[in-house]
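The values are calculated or read from the model by the stated rules, or taken from the named source; none is laboratory data. For clarity, every value in this text was computed on a predicted model and none was experimentally measured. When we count neighbours, we look across all protein chains shown, and the Cβ atoms used for this are built from the backbone with ideal geometry, even at glycine.
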Amino acid sequence: MTLIDHLPVFLIAIPILASLLILVAGWWDRRLCYPISLVTILSQFGAAVIILAQVMREGTVRYYLGGWAPPLGIELAIDSFNGFILTTILLLSAAAVIYARRSVEHEVGPEKTIAFYVLFQLLVTGLVGMTITGDIFNLYVFLEISSIAAYALIASARKPRSYLASFNYLILGSIAGGFILIGTGNLYAATGALNMLDISRLLPASFELATVHAGFLFLVIGYSIKAAFFPLHIWLPDAYAESPSAVTILISTVMSKVSVYALFRIIFTIFTTAYIVDVFPVTGFILFIATVAMIAGAVIAIAQSDLKRMLAYSSVSQIGYIMFALGVANQVALEGGILHILGHAVMKGCLFMVAGLIIYRVGTSRLSDLGGIAKVMPISCAAFALAGASMIGIPPTIGFMSKYYLVLGALEAGHWLYAAILLLGSLLAVGYIWRFIEIAYFRDGRDRGSGAARTLEAPASMLAPMVALALLCLFLGIFVEGLMEIVGPAASLLLGGA
Amino acid sequence: MIESFYELFFARYNYWMAIILMLIGLYALIAKQNLVKKLIGLNIFQTAIFLFYISLGEVRGGTAPIYLPEGVDALYVNPLPHVLILTAIVVGVSVTAVGLSLIVRIHEEYGVIDEAGLLQELRRR
């Protein structure tokens, strides 16, 4: 075996080693934490791109840990779907870690810097592990690694309210973890296997068992709590609004997406479409709830008075769009859903970065205090406008393309009404995005410093990832053809095709 | 009727015990005001799941799955659920540790650890 064959395991092993290295190096000199973290995540991203290219060339990459083939061993399996997700989450993690440096100095404090980077690295490790594992129990273990790191990271802000937000998330997250554990146990009891491929092969024989139905529900509800799918989203607004900006970016773009990925993986790869359509028809129900989520999330977002909280509720609404694809469950809609996982990660990352910059410079994210902010932070507000346009779905942005495929898929499946409500949801997105634009550009605020030359624009290390993500919203939409070459096979793979 | 009740409850009483414990835990999580009691509820909830797994692997008359010399025949219990639960116990311990340290911080900041008191404190600030 050459080195390149071992790349999948490096994706997990290297960041774990790096987190220990950060701890040791941090004792020696605190300034070393950031470069180590940055280099690790960038090299992970490089490895992910190489693996994705390999997957697109040769098909699914399977790696047996320690050389033990399943069913005895644990395997890492990367196909076009999770290769795509892997590249997405590492891209966003890289952007978040570049952004984190100044944000940590400002919001976390020097005494907690080392701990912050160690936990950040562990969170990324857990999420990468969740994405590439081919074993359902391993999925749970990585989920808990990432969750525990996330609880601590949310509480690392200097605000006392962040402790409460973190505790609430801890309680709900642990209930979710417990449900996932029970569901995994049920599947093990029904099939005697833990490898995802083995389970999906053995499961059709026991489709009618109540054990399997219960396991399905436990898994879906557990991961829905983690993904903040609408009625189970109550932990989300506090956790997003009270945590440090860099953490908000990571958990809003990466963590919820990975939970959605796990949901897709469980529903389509393990249970297959035969189960959710014929044996235990849930797609209609999921479609209905997803539609409610889109509307309700957007309506509550409009009612918020705080920028970060508004964006948090907008996330609830956008998760609804992704779950909409799961409810429609045909090729075109799934392409839209997978595209929206990338699209929402990029645009929400950019929007939260703008919110973080505003907190960094102005010290508040209350909308009423931000009048005329565009005069002093022109680049940030322009980035917000671009990413916001993508959120609304104005062509040619990535947000437009994913919603276009979603609507097309819904029409193909004959869900006229739902397609219409999806468009209505986009109109509601105009409501909350425009609110900030209007306040920032057209309302006169307090006088911020007298000199006209005075600008509050943030340092380059925070501006660069934000501008890059804003431009990505545009370019990914224009060059969507290239993306579809990955997303198309991924969607047909989920539906059981080659 | 009696027989079906027997079938339903006593033949699978291990699962019923797990379910009852789980519900006790969930009740404590939802209904208790004190944050420490919530964590205790979480622990009961997790323990119920551990019991569920352990009883899955049980084989009547089975012995510990230890390698025996050639020629000795033995019936083993399934060791895999035990191994899985060892991992899950570690997870449970870590979650409890994080939760308790958060409660310490909350107490330092607000001086109370019950939900009603916390709401009052939050409203006052």
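List of remarks:
- So residue A:238, is it more than 29 Å from residue A:415 (Cα to Cα) and in contact with a strand residue (DSSP E or B) (Cβ under 7 Å, 6 or more places away or on another chain): no
- Selection within region A:130-144 - at the interface with chain B (Cβ under 9 Å from one of its Cβ atoms) and either within 17 Å of residue B:93 (Cβ to Cβ) or in contact with a strand residue (DSSP E or B) (Cβ under 8 Å, 6 or more places away or on another chain) (or both): A:140, A:141, A:144
- Counting only residues that are within 17 Å of residue B:91 (Cα to Cα), touching a Ser or Thr at 6+ places or on another chain (Cβ under 9 Å) and at the interface with chain B (Cβ under 8 Å from one of its Cβ atoms), region A:174-195 holds 2 of them.
- When region A:213-235 is filtered for residues that are assigned to a helix (DSSP H, G or I) and of a type in the set (Phe, Trp, Tyr), the ones remaining, listed by number, are A:216, A:218, A:223, A:230.
- Among the residues making up region A:63-97, those that are assigned to a helix (DSSP H, G or I), among the aliphatic types (A, V, I, L, M) and surrounded by fewer than 23 Cβ atoms within 10 Å (Cβ to Cβ) are A:65, A:94.
- Just so you know, in region A:150-168 the residues that are within 7 Å of chain B (Cβ to nearest Cβ) and in a loop (DSSP other than H, G, I, E, B) include one that is surrounded by the most Cβ atoms within 10 Å (Cβ to Cβ), and it is A:155.
- Meets criteria (within 30 Å of residue A:24 (Cα to Cα), within 14 Å of another protein chain (Cβ to nearest Cβ), out of contact with any Asp or Glu (no Cβ under 7 Å at 6 or more places or on another chain) and outside any helix (DSSP H, G or I)) for residue A:147: no
- Residue check for residue B:107: more than 8 Å from chain A (Cβ to nearest Cβ), within 27 Å of residue A:142 (Cβ to Cβ), surrounded by 14 or more Cβ atoms within 10 Å (Cβ to Cβ) and not small (Gly, Ala, Ser): no
- Region B:1-45 - residue that is basic (Lys, Arg) and modelled with pLDDT under 90 and, of those, surrounded by the fewest Cβ atoms within 10 Å (Cβ to Cβ): B:12
- Residue B:118 being exposed (fewer than 12 other Cβ atoms within 10 Å of the Cβ), part of a helix (DSSP H, G or I) and within 13 Å of chain A (Cβ to nearest Cβ): no
- Close pairs from region B:26-46: first under 21 Å from residue B:110 (Cα atoms) and within 9 Å of chain A (Cβ to nearest Cβ), partner crowded, with 16+ Cβ neighbours inside 10 Å and of a type in the set (S, T, N, Q), Cβ under 8 Å, at least 6 apart: B:39/B:96
- Here residue B:71 meets each of (1) in contact with a helix residue (DSSP H, G or I) (Cβ under 8 Å, 6 or more places away or on another chain); (2) loosely packed, with under 11 Cβ neighbours inside 10 Å with one exception, condition (1).
- Residues satisfying the stated conditions in region B:72-104, i.e. free of Cβ contacts under 8 Å to residues at least 12 places away in the same chain, facing another protein chain (nearest Cβ under 10 Å), farther than 18 Å from residue B:51 by Cα and not hydrophobic (A, V, I, L, M, F, W, C): B:94, B:101
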